[in-house]
Structures are given as C-alpha cells and as structure tokens.
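The values are calculated or read from the model by the stated rules, or taken from the named source; none is laboratory data. Quick caveat, the model's predicted, so the values are computed rather than measured. Positions of Cβ are generated from backbone atoms using ideal geometry, with glycine treated the same way; all protein chains shown enter the neighbour counts. The protein model used for the area step is the full one, side chains on, heavy atoms only, and it has no ligands, DNA or RNA in it. Shrake-Rupley method; radii C 1.70, N 1.55, O 1.52, S 1.80 Å.
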Amino acid sequence: MSETNTAAAAETAAPHRYTAAMAADIEARWQDFWDTDGTYETPNPTGDLAGDAAVAARPKKFVMDMFPYPSGTGLHVGHPLGYIATDVYARHQRMTGHNVLHTLGFDAFGLPAEQHAVATGTHPRVSTEAAMDNMKRQLRRLGLGHDKRRSVATIDPEYYKWTQWIFLQIFNSWYDADARKARPIAELVAAFEDGSREVPGGRDWAALSSAERADVLGGFRLAYASDAPVNWCPGLGTVLANEEVTADGRSERGNFPVFKSKLRQWNMRITAYADRLLDDLDGLDWPDAIKLQQRNWIGRSEGARVDFKVTDTDAITVFSTRQDTLFGATYMVLAPEHELVDTIVPAAWPEGTHDVWTGGHATPADAVATYRAFAAAKSDVERQADAKQKTGVFTGAFATNPVSGEKVPVFIADYVLMGYGTGAIMAVPAHDARDFAFARAFELPMRCVVQPDDDRGTDASTWDEAFVSHEAKLVNSANDEISLDGLGVVEAKAKITDWLTERGIGEGTVNFRLRDWLFSRQRYWGEPFPIVYDEDGIAHPLPESMLPLELPEVDDYSPRTFEPDDADTSPETPLSRNEDWVNVELDLGDGVKKYRRETNTMPNWAGSCWYQLRYLDPHNSEKLVDPAVEQYWMGPREGQPTGGVDLYVGGAEHAVLHLLYARFWSKVLFDLGHISSAEPYHKLYNQGMIQAYVYRDSRGFPVPAAEIEERDGKFFFEGEPVKRELGKMGKSLKNAVTPDEICAEYGADTLRLYEMAMGPLDVSRPWDTRAVVGQYRLLQRLWRNIVDEATGEVTVTDAEPDEATLRALHKAIDGAGGDLAGLRFNTAIAKITELNNHLTKAGGPLARPVAEQLVLLIAPLAPHIAEELWRKLGHTDSVVHRDFPVADPAYVVDEAVTCVVQIKGKVKARLEVPPAITEDELEKLALADEAVVAALAGADIRKVIVRAPKLVNIVPA
Ligand code: ANZ
C-alpha cells in the first residue's frame, strides 16, 4: 500500500484523528474567532484604546519584533522565527498575569518598491500595499496574537505626519552641553537676545541679518543643513551612505564612480549625544556583543588638542591620543581637504626641498591640487586600509613643534581623514606604525621618545618598525621648562596636557568616532521634509497644522542621472521636477510669501526610529503619544532606569545603525519632555538565522532543493550528483520553503513547534523539512490523549490522577514555565513532549485536571489546538487569557533518595527519604530504624554525622 493509501485507510478508521485537514479547519476557525472577538486587543490605561481597567492595572509587558520591510517575494520559513518566538513569549506572559502589548507593523518606505516603480511605472504605494497584504495573510496563518488595531505602516500619512513632526522637534532644538540635554531653539535665541549667551564670534545678535542669524542657529540645531563632503554618484543620480560605496570608490549598486563632493544636505547632530549614548548602554539588557559594537561605533578616545604654529596668526590644531610623544613629532599631516591647506601653501618650494616630497611637481600648489584629486577618488574605507604604501605630498609649509621648537614639514596625505579629530595630526614615526611607514617612504626623521623594552636601542633610524607601547618610560623628552623623561605614559600625558593648557596651546579633550547622521536622500519613496525655503534660501519649518506634508504624485520616480564620470554635476531629485508642488505660497505667520519646498526625502531609517511609540497610541491625532499611555508602557521601572520596551527581538545585523538612531531620537524626545523613556528598547535579543541547504550542480549553479534525491548520504538532481552546502534561504538559491507550504502540509501549530524546537533561539540552525513531521506527531499524540479518534469525544475521567502522573505533570509545568519565561523554547517543548509521552505510555483516559493543565501548558506554543481542546473540555472562555499552570512543589522534587545509615562506617540500613529532608529529621529517622536499633543494641552514642539526604554515620561511645 502506498503512503497515501495508508493515510486514507487510517482516516476512515479514525475520522477524528488530528490531520493536516483537521489542523486547517481548527486553525482557520480560531483565527476568525480571535479576530472578531478581539482576543488580542490590549487595553491602554487611558485614551481611546482604554478598555478593561482591571487588565490595564496588571504589570505590563511590551513585547516587540523588529518590524519587517514588506518584500514583494513574501516570507520564507526563516522570516517568522523571531515572530513566533515573541508570540510564544507574549502568550506565556499573558497567562502569567501581564497586560501584554504585542503587534506588528511595516517599515514600508524603501528602495525595492521605488526601483520596481521606475521599471514598471506602478506607483510604489500600490506594490508596497500588495506586498503588505500578502505578508499579513502569511502572518495571520501562523496564528500570531497581535493587537491588529495597533499595527502601523511608515508610509501612511497618518503615521509619517508624526515622523515629520519629530523632525520639526529636532530641527527646533539645540544641545545645551552644560545641561547635557536638548532644549528648544527659542531658548537659545532668547539667550542671544538678552546677552546671557555669547553669539559665536562675539557678534551682536541685534545687528545680524536674518540670513546670518539662520546661519548661527544652523550651527546649533540638532537637524541642520550643511555643505558636507558626501559620496556623490552621478551615474545613479544620488548621494550614497559610506556603506553603499565599495572599497575601490564605486557604487555597490551599478558599479559607477563615486566622488567626494560638497553638497548641501540635511544632517542630524547625533554626535551631541555621543557620551549619553555610551553611558546609557550600561543600564540596558542587551547582548554584550551588540553593546560592544555600539561602543566601538561611537568610539570614545581620550587625548589632547595641540596647536602647532605655522605663522604668527595661523596654527594647525591636531588631535592626539599620545600627547606624551609630542617631543617625537617630526612632521605633520593634514587631510587633503583640510581648509588650512590653501592658506599655508607657499608660491614656490622652499630652498632645499627634498625631491621625494614634491611628487615631481613644479610648485606646491600643483602638487596639492593633483594629490587632492587623487585622494577624492578614494573612499574612507580604502584610505584607512592599512596599506603599507603611504602616499602624500609636501605642502611647502613648516610648523613649529611647541615643545622641541623645531620646524617640522607639513604634508597632506590620505591616511589622515577629514572627518576625524581635527583632520590634522602630529606624526610620531618612531611610535606609530602608519607614521613610520610614511616617514620611511618620504625619508623623514624619526625620534625615539619612548624607551623600547627590547634590544633595538634608541636610534629609531635603525629600526624595522615603530615601537608602540603604553607602558614603557619616556626618554628624549625635555626642554628648559618641562621634562617627561623617566615618566610612564599615563603620567607623561597628564603632565604635558597641563603644561599645554597653562600656555594656552592645547588642552585635554575627548574625541568620538561617531559622525553626524546624513539625513537626506535623493529619492521619491520616503518622507518629505516639512521644510520650505524663502527667497533668500533660508529654511523655515512648516507649522504643525500643515502636517502631514504628503508626497505628491509624480510621473517619474527616479532621480536624474548623469554621465558617470561627470563629477561636476549635482543631484536633481524626483520631487524637484514637480514644480506645482515645489513652489508654494504660504503664510508662515508673517503674511503670504513664496517658498520652495525641500525636495530631498528622509532616509529609510526615519520611520523605524520611533515606531514603538506609535504602537502605544496609533490613532492619536492630537499627539505623538498620550503621555500617560507612554509612561505606562515605556516609563522607567525598577531595574529599567531608562525605561523602554520589555523585549525587542530581531537580527544582529541591526547592531548599530537602526538601534543607534532610535536611541538618539528617544533621547531628544525625552529631553524635550515628550516621553518619559530615554531609551527605546530595554531588553534586546538577537535570534539566530534559519539556514538552508543549497545544492549545486557540476557548474556550481544552485538547483531546486525540493527536487533533490538522497541516496546513501549522496545527493542527486535529475540523476546527476550535486554538492550540498549550508547557506542562506532564498529564491536565488532555489531553496526557499514558505510557511504556506508547511502550514498546508501540517498546520501552523506544527510549524510553530518545529521552529521553536529546532534549537536555542539565539543559535543559527539548518531547516530540514523532513524533520517537521516530528512535531506533527507530538500534536497527534496530544490529541489522541484527550480525544477519541473514532468518535471525536473527549475521553477524560473524573478519577484522581496517580502519583507518577502528578509528578510528571508538575515537573513539566515547573520546567516548561521557567523555560518559556527565559526564551528557552526548545527545552520547554522537550519537557512537554516528555510529559505527553509519559501520558501516552501510561495509557487509559487522562484525569480531567491533567488534561486541562496539559492543554494550558502547550497553549503558548500551539495556540490553535490548545484552544480547540480547551473548548472540547467544556470551557466557554478562551485559553488565551487563562492562567498558566503553577507547579505544586511537593510533586516537583524527586520522589525519594536512598539514605545509607552506617555504624562505625559499616552499612547497617538503607532508608528511602524525601530529598528535602532536614538533618534533624533524618537523624531521628535513622536512629528509629529497626535494623539500626538492633545493631546498636542499646550502646551509648558518641556522635552522629548527618549528610542529608544521603548519609548518616553513627559513632557509638
Ligand atoms: C600622535 C600619535 C603618536 C598618535 C603615537 C598615535 C600614536 P584613536 O585611538 O582612533 O582616537 N589621528 C588623529 N586624527 C586623525 C585623523 N583625522 N586621521 C587619521 N589619524 C588620525 O586614534 C587617535 C590617533 O590617531 C591620534 O593620536 C592620531 O595619531 C591619529 F605614537 O597622535 B596620534
């Protein structure tokens, strides 16, 4: 008989067996019920989603997934791993007395839909909404307990109105470094007006033109436009983030040249928050690896600024973390883009300029111009790459080392980056590897100022490499006023910093690697900026009443592209071609005037910076979020000093950008008093990846994984041997398995169990469709333990459960409960399986309380079958809001342990005792034992040594 025939025969014999068809029926029915019943609707304590006050009075749990981009290809089984995990956790929390907020929205602006629009002419909203509908259908099939009223999509004007509103708050504030917080820009203006704060440059605020004032304020605003060097890609018509540029300075997409070009772009002053973003990491419950990545990204360095005079009026300020080595600075390097370069370059090479310094150019100006063009074609990544071959050119200028008094040559070289420190360094070739390589290439002097701890001696000109040490002692570092000789690095740093500070030529400083966040994109499918420019080009914020500023309809979604090599072009955005939308007459409070709209859009990250807040109060048209509602769900709690979401689950690839940007926005909103939580996500958890086998033919091309035959551990496709490797899951590797397929074959509960049982949640694991059936069988046995497969009737009895069953039950409750709360879903399933196997083996109908507790136990993991069995057991309420079983400790401990009773070291009796027996009780029990009494024969006892629960040793007198 074939397998299908066997199944068919079984179905006739057992029409009420749990099968895929039955699962499909059960699951669809309960999903419909949950939707109409609003089973997963979570009440707020107040406002328009306020519901059950008793529920809202419970402790809260805000459980969240990183929200998905609605991809046109839909979900494969790898995607919902995290969604199922948070769902299981949320369900368990609901059953243990928490008011649980769990929902899912869509991060729906993005490039794929825009590119699709460019290629097909379909509006990106249309394709995005279709993709969202498809994903919603797929997710619903999994039985996820989301409060659907709270779902949001970043592309909805009702949502992005508030993204724009937040932009305005950021634009309208500045960072007060003394108060260590953001404040309204109006307070800064007031301080300039009344003179309580000095206007930069010591100017008189009243005397400044409105353009000058706008300029001054732009230097303070937390969102500001600036002419920063950005990655301009004429071939694509857009600027690119550093991450989108390859190591050889081309666009990752399309392979076009990328130029460093100064373009006016919006930025977010995230650097103002560098220290708070660092400090607050301590209070977060995040994986150490992610915290470390954020720390490195923020990159705090302690050091000093030191001025090197070039002329009586000009000085080059360097940032150094090794100011102790100042006596060893024998040359200087400026980043090629440094603004002082033009000022210091002399008309001709100074007398005696070394040939290798000039790069063969007739004048310093020529040399500098040529080198700048060369450096501009390189990406920062490439410039920083530790290539031994250092390039650069002499500027023709000299600066004075402030401690040695020596004139040192000033170079430009691309290993010094404009965006770090001051964009200028003092080079100490003896003690820095990069400076050493450069000095060798350009035949520059080296001076040893830190005593090597090996036998190379102090003549650096004979060394093979720099001597880098943070422990050794200083040498050759004295002048008439100061000596660092003999000091350790730490003391020397302190001493030289004081000396420089006293003379006003330097100071201790902290530098961060973090850069401001480039916030404009030349795209259509993003949030428009709520900014207009007046006829003088001054930026004005739109008033809140004009939000949302909706995207206009356009014919052409792509930015204008140019000749790929034409660096002298500048972006023309899709929105800028829409003259009617761009040119507007508005009354911004001083009469109707003409304005031009900003035509860039916000980057993809904007909408995901704050969505947790909108889940709380999704339809509030007056406020971003009701403060009382925000306080309830997000406010600081014991152990959560900065507040935040209780559990946030997502991939480790978001270690920096999204998580850093969201933290930054939270801090600004917190400072301005809009929210009570200074951090968005208190606990972060990174789920592993579901990997899949990729099968490749002899040419290396992937072949459909579903059509592979396995014979004796070898794999064949259409009879030809193929190679198997582990990789990602996806369409292109022809190994995608969809949740739809698995649900059709086994049901959603089986899929949920399988994904959770595959291994610890944070570990990556290979998908194996053939193994899914194991969880299906578990559900079949569970069903059979409660329902008669022939009649469909519940088989439970009112008889008392036996002791062994109670022990198995309470052990499972105890273990699985702790595992579910600790996100150890695989071990929870193992314990429930063990219990179910015990019950199967024991045979006979289950006692009612055992059946009920078993159903409650598995309810978070397999909610549909649990709901069905719960109702079959005669309940009229949903299992979703029932209490999770509580273990009876009496049954959790092992039944009994054997205690050996010895007299003078010889075994006289064995007792079966409870494991938790006290020493006193055990002693009494041992002394009362018949065999012991007999063996002692009335002898006096000198001492009794008790090691509960395993040993009693009696020593007679
Ligand atoms: C002198 C010196 C001597 C340095 C020495 C190091 C070792 P971190 O730790 O990453 O902050 N530096 C400063 N600005 C730079 C820039 N814009 N581009 C490239 N390099 C730059 O590194 C700080 C050190 O990196 C600084 O300390 C400076 O070199 C260099 F034995 O100054 B040091």
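In the set (1) open to solvent by 10 Å² or more (accessible area, probe 1.4 Å); (2) hydrophobic (A, V, I, L, M, F, W, C); (3) under 30 Å from ILE155 (Cβ atoms), PHE519 fails one condition alone, (1). Where helices (runs of 4 or more DSSP H) fall wholly inside segment 1-117, the ranges with 2 or more residues that are open to solvent by 30 Å² or more (accessible area, probe 1.4 Å) are 3-13, 20-37, 53-56. Scanning segment 317-340 for residues that are more than 8 Å from the ligand (Cβ to nearest atom) and either among the aromatic types (Phe, Trp, Tyr) or surrounded by fewer than 24 Cβ atoms within 10 Å (Cβ to Cβ) (or both) turns up THR317, PHE327, THR330, TYR331, GLU337, HIS338, GLU339, LEU340. May I ask you to verify whether THR827 is within 42 Å of the chain's Cα centre (by Cα) and surrounded by fewer than 22 Cβ atoms within 10 Å (Cβ to Cβ)? Judged against the criteria, THR827 is a match. Being under 30 Å from LYS60 (Cβ atoms), in contact with an Asp or Glu (Cβ under 8 Å, 6 or more places away or on another chain) and among the charged types (D, E, K, R) is a description that does not apply to ARG696. Checking ALA494, ALA433 one by one, the residue that is within 12 Å of the ligand (Cβ to nearest atom), among the small types (Gly, Ala, Ser) and open to solvent by 40 Å² or more (accessible area, probe 1.4 Å) is ALA433 and no other. Screening LYS841 on (1) assigned to a loop (DSSP other than H, G, I, E, B); (2) exposed (fewer than 14 other Cβ atoms within 10 Å of the Cβ) shows it passes everything except condition (1). Would you please list the contacts, defined by Cβ atoms under 9 Å and residues six or more apart or on different chains, that run from a residue in segment 437-448 that is assigned to a loop (DSSP other than H, G, I, E, B) to a residue that is among the charged types (D, E, K, R) and buried (at least 21 other Cβ atoms within 10 Å of the Cβ)? The qualifying pairs are LEU444/ASP435; MET446/ASP435. Is it the case that segment 103-123 has a residue that's out of contact with any Lys or Arg (no Cβ under 9 Å at 6 or more places or on another chain), β-branched (Val, Ile, Thr) and within 30 Å of VAL649 (Cβ to Cβ)? Within segment 103-123 (the criterion being out of contact with any Lys or Arg (no Cβ under 9 Å at 6 or more places or on another chain), β-branched (Val, Ile, Thr) and within 30 Å of VAL649 (Cβ to Cβ)), the answer is no, since none of the residues qualifies. If you check LEU551, LEU613, LEU586 for being part of a helix (DSSP H, G or I) and either at negative phi or not charged (D, E, K, R) (or both), only one passes: LEU613. For the residues ALA272, ALA348, the requirement of being more than 16 Å from the ligand (Cβ to nearest atom) and loosely packed, with under 15 Cβ neighbours inside 10 Å singles out ALA348. Whenever a residue of segment 403-428 is of a type in the set (Ser, Thr, Tyr) and in a loop (DSSP other than H, G, I, E, B), it has no partner that is open to solvent by less than 40 Å² (accessible area, probe 1.4 Å) and away from the ligand (no atom under 13 Å from the Cβ) lying with C-beta atoms less than 8 angstrom away and at least six residues away or across chains. Considered as a group, the residues in segment 443-479 that are at pLDDT 95 or above and among the charged types (D, E, K, R) include one that is farthest from the ligand (Cβ to nearest atom), and that residue is GLU443. Contact map, segment 169-183: residues that are closer than 14 Å to ILE675 by Cα and open to solvent by 10 Å² or more (accessible area, probe 1.4 Å) paired with residues that are of a type in the set (Phe, Trp, Tyr) and not in a strand (DSSP E or B), Cβ distance under 8 Å, separation 6+ or inter-chain. No pairs are found. Of note, ALA397 satisfies the criterion of being small (Gly, Ala, Ser) and more than 12 Å from the ligand (Cβ to nearest atom).
Residues that are within 30 Å of LEU684 (Cβ to Cβ) and either in contact with a Pro (Cβ under 9 Å, 6 or more places away or on another chain) or within 11 Å of the ligand (Cβ to nearest atom) (or both) within segment 294-316 comprise ASN296, GLY299, ARG300, SER301, GLU302, listed in sequence order.
Quick check on this structure: which one of ARG372, ARG383 is crowded, with 16+ Cβ neighbours inside 10 Å, within 11 Å of the ligand (Cβ to nearest atom) and assigned to a helix (DSSP H, G or I)?
ARG383
Among the residues of segment 662-684, those identified as surrounded by fewer than 21 Cβ atoms within 10 Å (Cβ to Cβ) and more than 19 Å from ILE270 (Cβ to Cβ) are GLY673, SER676, LYS683. Restricting attention to segment 934-946, the residues being without any contact (Cβ under 8 Å) to a residue 12 or more places away in the chain and either surrounded by 14 or more Cβ atoms within 10 Å (Cβ to Cβ) or not in a loop (DSSP other than H, G, I, E, B) (or both) number 2. Would you confirm whether or not segment 897-908 contains a residue that is among the hydrophobic types (A, V, I, L, M, F, W, C), surrounded by 11 or more Cβ atoms within 10 Å (Cβ to Cβ), modelled with pLDDT under 95 and part of a helix (DSSP H, G or I)? No, segment 897-908 contains no residue that is among the hydrophobic types (A, V, I, L, M, F, W, C), surrounded by 11 or more Cβ atoms within 10 Å (Cβ to Cβ), modelled with pLDDT under 95 and part of a helix (DSSP H, G or I).
Of all the listed residues (ARG447, ARG456), the sole one being surrounded by 22 or more Cβ atoms within 10 Å (Cβ to Cβ), more than 43 Å from the chain's Cα centre (by Cα) and of a type in the set (D, E, K, R) is ARG447.
Every residue, every condition in (1) in a helix (DSSP H, G or I); (2) out of contact with any helix residue (DSSP H, G or I) (no Cβ under 7 Å at 6 or more places or on another chain), yes or no:
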residue	(1), (2)
LEU660	yes, no
ARG663	yes, no
SER677	no, no
TYR685	no, yes
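Pairs meeting the criteria (first residue in segment 779-803 and touching a residue at least 24 places away in the same chain (Cβ under 8 Å), second residue open to solvent by 30 Å² or more (accessible area, probe 1.4 Å) and assigned to a strand (DSSP E or B), beta carbons under 9 Å, at least 6 apart or on different chains) are ILE786/VAL794; VAL787/VAL794; ASP788/VAL794.
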